[in-house]
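Worksheet for the structure shown next.
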Amino acid sequence: MWSLELYGCINLSIVLQVPVMSLQNVARLPPLPTIQEIIRMFGLSARKKLSQNFLLDLNLTKKIVKSAGKIDGCFVIEVGPGPGGITRPILNSGAEKVLVVEKDKRFLPSLQLLSEASKNKLDVIHGDILNFNLESVIPAEHKVAWADNPPNVHIIGNLPFSVATPLIVQWLESISTQKNAWSCGRVPLTLTFQKEVAERIIAPPKSEYRCRLSAMCQYLCDVKLKFTIPGRAFVPPPKVDVGVVHFTPKVKPLISQPFQLVERVNRHLFHLPNKLCKQSLSTLFPPHREDLICDMFELSGIGQQVRPFQLTNKDIKRLCDAYARVTDKEPDLLDYDFRDRTEAHARRHRTQTVVSALEERLLKNS
Ligand SMILES: C[S@@+](CC[C@H](N)C(=O)[O-])C[C@H]1O[C@@H](n2cnc3c(N)ncnc32)[C@H](O)[C@@H]1O
């Protein structure tokens, strides 16, 4: 039996102001202490340094799980479970098996207890999701062909903002190459982001939020902002609101070029989102090769006066295809880095300044 005395009452350094996740609300798991009690029992204070913001409101954690779609009978991977506020509704939604990947080992004992209560339906892995290949943990019976409907596998996570964005970029590359979890088919994702990042992910052309992340997410996935959560719902509350985004990988990506090429074109395109495309794309080529930008626009059929934020996903596809054709003829251009030139130029300039100062001094002394 669970009891506070058994584990000792350890400091609760966060203020709990949200509705309590009560025993009655947990339908399929046996009676368990509330998440608040778990936090207290194991001394699981949220670490600001690690951007840990817990979601303890059962209505919200259930809503996140519901927005993933039908998870009954599915294999569910949760990234960053923390004290288990989202893990519990996943277990209660009839998932066949749940695997959680948690980096902070302070959470492992409480997750282990949850695993025992779930009759080992829950597996706990101590690891860093940024370096973790999910392919090996997804059972073979859940693997389907890419063109089939998404497999009975879901990834859900409320990660720190500083992890969620690099992680989705890393995972987009895995989606494009059908590696990692996506070697098992078009595994959908339900992830939380800072609201502004969520707005960027789903931003249509001409939106003020349209950026590289919008183009990269949308060429590979159908993306939907499911709902937003006010920052005050978290413990401790972050200064910003949070968006829950659902990603379903597309059967056929909108752009058939390699991920690195698409990333490169978008990186250059959107580094000056409000300038003319001609200006933003000029950094793709050495300064004396303006002819190549003209070739790129001619091949793509896109007008040079358009601004990056106005481009549709199809326009971006045309520009990527055109860039692929231009660089097919001169593959070295794929390695061209305009900053190298700037850096080399700056270095030359610094050297020249030092040399001139030296010469001046020598002249004075002579
Ligand atoms: C914002 S908290 C959310 C906790 C819990 N899911 C909730 O909603 O209350 C993020 C969790 O992700 C974990 N985490 C952070 N970086 C991680 C990583 N690279 N790999 C796995 N877990 C990570 C943190 O330790 C923390 O438990």
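Since every read-out is calculated from the coordinates, none of them should be taken as a lab result. Computed from a prediction, not measured in an experiment: that's the story for all the values here. Ideal geometry is used to build each Cβ from the backbone, glycine not excepted, and the neighbour counts take in all protein chains shown.
Pairs K66/K97; K224/K278; K66/K206: which exceed 23 Å Cα-Cα? Among K66/K97; K224/K278; K66/K206, the Cα-Cα distance tops 23 Å for K224/K278; K66/K206. With the convex hull drawn over the C-alpha atoms of segment 176-310, the volume per residue is 135 Å³.
Listed by chain and number, the lysines whose alpha-carbon sits under 18 Å from that of K105, ignoring those within fewer than 8 places in the same chain, are K48, K49. Relative protection proxy for 244-250, 30-36, from highest mean packing down: 244-250, 30-36 (other beta-carbon atoms within 10 angstrom). Each label point was placed 7 Å from the Cα along the Cα-to-Cβ direction; for D335 and K66 their separation is 5.5 nm.
Strictly over 28 Å apart at the Cα level, which of K70/K250; K62/K239; K62/K317; K226/K275; K143/K226 would you flag in this model? Table pairs above 28 Å Cα-Cα are K62/K317; K226/K275. Under a 5 Å amide H cut-off, with hydrogens placed 1.01 Å from N, I77 pairs with L99, H154, I155, I156 among residues at least 5 apart or on other chains. Counted over all Cα-Cα pairs of segment 259-335, pairs farther apart than 18 Å make up 27 percent.
Computed from the C-beta positions of K206 and Q260 and an R0 of 35 Å, the FRET efficiency is 0.80 to the nearest 0.05.
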